[in-house]
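Q: Below is the structure I would like to discuss, written out as structure tokens.
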Amino acid sequence: RNLEDTAMEKTLLSIIAASGSSETHVLINKSMTWTEAQSYCRANHTDLTSVRNLQENQKVKNLVPSNERVWIGLFRDSWKWLDGSNSSFRNWRESEPNNRGHKEECVAANFEKSGKWEDWTCDYRRSWLFQRKW
């Protein structure tokens, strides 16, 4: 990574960390498709954020403005987390996932609806979250 990328990243990031946690969830306020966001994360950090329990969901909820939808690291392959974690925690909005048009493979957390999750087509552009492990 070059200096310009690092400077740009610092201006785009809002960081929240839990005390004593080995992970930090980071909000990127740059619209990308789910696939672009995933590629950026893997090239520069770790991966899109996994939300494995209520505590992690609350951390993410506290980070994201209440009027935004953001990509998270869940995708429709038996609803797996990108980081490979094995969590049964789900926070779906009522009537989701609905796979409208049989094309909704990716997940966004909708903070207009208390951070509840929705499935979306992966080519929609929005802000996103990644997790950094220390």
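Q: Report the residue count in the stretch 77-98 for those that are touching a Gly at 6+ places or on another chain (Cβ under 8 Å) and either surrounded by fewer than 18 Cβ atoms within 10 Å (Cβ to Cβ) or not hydrophobic (A, V, I, L, M, F, W, C) (or both).
A: Residues that pass the stated criteria total 2.
Q: Only residues that are of a type in the set (A, V, I, L, M, F, W, C) and assigned to a strand (DSSP E or B): list them for the stretch 24-51, please.
A: So the first thing to find is which residues in the stretch 24-51 are of a type in the set (A, V, I, L, M, F, W, C), and the list is 26-28, 32, 34, 37, 41, 43, 48, 51.
If the condition is that a residue be of a type in the set (A, V, I, L, M, F, W, C) and assigned to a strand (DSSP E or B), then 26, 27, 28, 32, 48 are the ones that fit.
Q: Would you be able to say whether some residue in the stretch 99-112 is in contact with a Leu (Cβ under 7 Å, 6 or more places away or on another chain), among the polar types (S, T, N, Q) and either buried (at least 19 other Cβ atoms within 10 Å of the Cβ) or on the phi > 0 side of the Ramachandran plot (or both)?
A: Scanning the stretch 99-112, I find no residue that is in contact with a Leu (Cβ under 7 Å, 6 or more places away or on another chain), among the polar types (S, T, N, Q) and either buried (at least 19 other Cβ atoms within 10 Å of the Cβ) or on the phi > 0 side of the Ramachandran plot (or both), so the answer is no.
Q: May I pose another question? Considering 61, 30, which residue is among the basic types (Lys, Arg), at pLDDT 85 or above, within 13 Å of residue 129 (Cα to Cα) and under 12 Å from the mean Cα position of the chain (by Cα)?
A: That would be 61, the only listed residue that is among the basic types (Lys, Arg), at pLDDT 85 or above, within 13 Å of residue 129 (Cα to Cα) and under 12 Å from the mean Cα position of the chain (by Cα).
Q: Run down 18, 7 and say which single residue is closer than 22 Å to residue 116 by Cβ, at pLDDT below 85, surrounded by fewer than 16 Cβ atoms within 10 Å (Cβ to Cβ) and among the hydrophobic types (A, V, I, L, M, F, W, C).
A: Of the residues listed, the single one that is closer than 22 Å to residue 116 by Cβ, at pLDDT below 85, surrounded by fewer than 16 Cβ atoms within 10 Å (Cβ to Cβ) and among the hydrophobic types (A, V, I, L, M, F, W, C) is 18.
Q: Now a separate question. May I ask you to verify whether residue 54 is surrounded by fewer than 18 Cβ atoms within 10 Å (Cβ to Cβ) and among the aliphatic types (A, V, I, L, M)?
A: The answer is yes for residue 54.
The values are calculated or read from the model by the stated rules, or taken from the named source; none is laboratory data. Predicted, not measured: the structure shown is a model, and the values here were computed from it. In this analysis, Cβ positions are derived from the backbone assuming ideal geometry, glycine residues included, and neighbour counts consider all displayed protein chains.
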